[in-house]
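K.L.:
My questions all concern the structure below.
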Amino acid sequence: GAVVSQHPSRVICKSGTSVKIECRSLDFQATTMFWYRQFPKQSLMLMATSNEGSKATYEQGVEKDKFLINHASLTLSTLTVTSAHPEDSSFYICSARDYTYEQYFGPGTRLTVT
Amino acid sequence: GENVEQHPSTLSVQEGDSAVIKCTYSDSASNYFPWYKQELGKGPQLIIDIRSNVGEKKDQRIAVTLNKTAKHFSLHITETQPEDSAVYFCAASIIIQGAQKLVFGQGTRLTINP
């Protein structure tokens, strides 16, 4: 099956700093990538959708200036959490889709803001 | 918008027995229904999916059924094994402003008792 990687898998940062998370589709070209956030024992919450070469579309309630998304190529999307606060601590998961319906998820990144 | 309800929230079965998880959706335009398995600390893994032009699909011990009229779909796992223990999410695909997105159910924590 299709493989999506994320880096880093875990990151701890101090309040006020920025953190960048990378998402890569390893064996297919992802025309669309998605970023989700997941709280413990809860479902996945879609944050934004990004298409290669265009601006990301954010879900209602998600601050686009805080969660910067870049989809510079068909295999790479990045999420930058700017001026992180403890409430931003969460499990962030990306997914990627090619021209079909199937959406494949990365392994996730656990962010802890101290 | 689309709403996906998933039941039960927790399910415990004896090893070797079958497990069934059910989901209902609200948007009759939804046409793609994937199921994901998520193990602790990992990203969701696509295990099976079904499109609206098919009523049933099977892959070894896993099967999914879809009733478009009633707007519900189910995951069936037969001959369960301890490694089937995980959280399972159903999802329904919707098109919003020309973009395809997945709406997830709340998840089912499946425990297989040896």
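K.L.:
Of the conditions (1) in contact (Cβ under 8 Å) with a residue 60 or more places away in the chain; (2) over 19 Å from residue B:91 (Cβ atoms); (3) touching a Leu at 6+ places or on another chain (Cβ under 8 Å); (4) not charged (D, E, K, R), residue A:68 clears all except one; give me its number.
P.N.:
Status for residue A:68: all satisfied but (1).
K.L.:
Please specify each residue of the stretch B:71-114 satisfying the condition of being farther than 14 Å from residue A:46 by Cα, part of a loop (DSSP other than H, G, I, E, B) and under 16 Å from the mean Cα position of the chain (by Cα).
P.N.:
Within the stretch B:71-114, B:71, B:78, B:80, B:85, B:107 qualify.
K.L.:
Picking from A:91, A:105, which residue would you name as being within 14 Å of another protein chain (Cβ to nearest Cβ) and free of Cβ contacts under 8 Å to residues at least 60 places away in the same chain?
P.N.:
On inspection, the qualifying residue turns out to be A:91.
K.L.:
Suppose we filter B:58, B:101, B:42, B:37 for residues that are basic (Lys, Arg), without any contact (Cβ under 8 Å) to a residue 60 or more places away in the chain and away from chain A (no Cβ under 14 Å); which single one remains?
P.N.:
B:58
K.L.:
So which of B:53, B:67 ends up being polar (S, T, N, Q), more than 25 Å from residue A:106 (Cα to Cα) and at pLDDT 95 or above?
P.N.:
Being polar (S, T, N, Q), more than 25 Å from residue A:106 (Cα to Cα) and at pLDDT 95 or above holds for just one of B:53, B:67, which is B:67.
K.L.:
Still on this model: Just to be sure I understand, how many residues within the stretch A:2-44 are away from every other protein chain (no Cβ under 11 Å) and assigned to a strand (DSSP E or B)?
P.N.:
13
K.L.:
Still on this model: Quick test of your reading of the structure: residue B:49 fulfils all but one of (1) among the acidic types (Asp, Glu); (2) touching a residue at least 60 places away in the same chain (Cβ under 8 Å); (3) in contact with a Phe, Trp or Tyr (Cβ under 9 Å, 6 or more places away or on another chain). Name the failing condition by number.
P.N.:
So the condition that residue B:49 fails would be (2).
The values are calculated or read from the model by the stated rules, or taken from the named source; none is laboratory data. In this text the structure is predicted, and so the values were computed from the model without any measurement. Positions of Cβ are backbone-derived with ideal geometry, glycine not excepted, and every protein chain shown enters the neighbour counts.
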